[in-house]
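Worksheet: one structure, shown below.
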Amino acid sequence: MTIRDILAATILLLVTLIANSFIWLNGAATNPYAVLILVPMAAAMLMLPFRLAWLVMVVGVLGQLLQLQAPLPTHHQMDTHYRAMVYGQVFAALLLGVTLHILRIRIVRQQQAIRALHQRQHRDEQLVTIGTAAAQFSHEVATPIQTIQFMLEDARQRYPNDEDLQRAEQQIRRIHNLLLDWRQVAEDVRVNRVLEIQVNELVQQVRDALLIARPDIRVDWHDNEYPGWVVHADRTLIPALLSLLHNAADAAPLDSKIDVSTTRVDDYWQITICNEGTPLDALKARGLGKELLPSSRGVGAGAMLSYATFERFNGDVSWRAEQASTITEVRLPVTKVVEPEHD
């Protein structure tokens, strides 16, 4: 509700009051031009917020009903006719208000749907750009990795017991395996391959991957056992969860810990990530994941990729501030798999 809305409502209220006063002084219910009072009432329903619009409507209806209290300069047998005219105008005003109210709600919903569609289309275009860049990068980086592997094999033959060479080989093998995993993920997405992932196995894989990738951070896991419950997703699910955990670790101050808890509510599995540090403001929390948001730590591409991934699996992710922490909540639908009985 803005000052412009209040000013417009004041003008329409004055017009309605002046029109009702003019009708009162010029025949009241017998004045055939009383129907023109519907004009400012309709304008209010089209232009103003609903509360102010209905305020104008109520004032207009009360003004019409007050016309019945004015002395009628007619014979008694015509009073019923004029009263019926007033009641008809009141009914028309209420019907007009309800109709315009419903139409405005539908228009607002359609506008919101169109806005969400445009936002999603823009996000998908950004995701395609990021995916294309990632594919090109993985293709280009494969050749230098192979070259480094050959050089390390040469050096290993000359210095078979060198510990630094062993550590370098381990890291190169890890990069090579990550590229292979990425290609497998890309193939799964291309053919729309969906797997049944056990929730317990999913949590364990995320914990192991995080321990390997970020051994420097402390994570307190509060997870329960969910035997028989599965998530229908592809291989992009684990990187999406890891991305959120990496973001939480990057946002947390040094020597702090991250709390991760899991629970199941009805047919949804929920994972909650809590990290200390400067909490997100409400505006940024609403836009995070839906668009690129440049900050001191990046542009939010990881959050946007995770958001799109969970959305593909009919899940969602949300962020909120709580005291001096940021809470990340992921919800994914799960189903119970009944194991066949063995004779």
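So here's what we get for this one:
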read-out: Members of segment 22-42 that are over 13 Å from VAL86 (Cβ atoms) and surrounded by 18 or more Cβ atoms within 10 Å (Cβ to Cβ); value: PRO40, MET41, ALA42
read-out: Filter result for ARG264 (open to solvent by 50 Å² or more (accessible area, probe 1.4 Å), closer than 16 Å to LEU332 by Cβ and in a loop (DSSP other than H, G, I, E, B)); value: no
read-out: Members of segment 292-343 that are assigned to a helix (DSSP H, G or I), open to solvent by 50 Å² or more (accessible area, probe 1.4 Å) and at pLDDT below 80; value: LEU305
read-out: Single residue of segment 233-261 satisfying the filter (within 17 Å of GLU196 (Cβ to Cβ) and in contact with a Ser or Thr (Cβ under 7 Å, 6 or more places away or on another chain)) that is surrounded by the most Cβ atoms within 10 Å (Cβ to Cβ); value: LEU237
read-out: Residue list for segment 181-209, filter: at pLDDT below 85, part of a helix (DSSP H, G or I) and open to solvent by 80 Å² or more (accessible area, probe 1.4 Å); value: ASP181, TRP182, ARG183, ARG190
read-out: Restricting segment 1-21 to residues that are open to solvent by 100 Å² or more (accessible area, probe 1.4 Å) and among the aliphatic types (A, V, I, L, M), the residue that is modelled with the lowest pLDDT; value: MET1
read-out: Test: residue in segment 210-232 that is assigned to a helix (DSSP H, G or I), open to solvent by less than 70 Å² (accessible area, probe 1.4 Å) and without any contact (Cβ under 8 Å) to a residue 12 or more places away in the chain; value: no
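The values are calculated or read from the model by the stated rules, or taken from the named source; none is laboratory data. Not measured: the values here are computed from a predicted model. Heads up, the Cβs are rebuilt from the backbone with ideal geometry, glycines too, and the neighbour counts pull from every protein chain shown. Heavy atoms of the whole protein, side chains included, go into the accessibility calculation; ligands, DNA and RNA do not. Shrake-Rupley method; radii C 1.70, N 1.55, O 1.52, S 1.80 Å.
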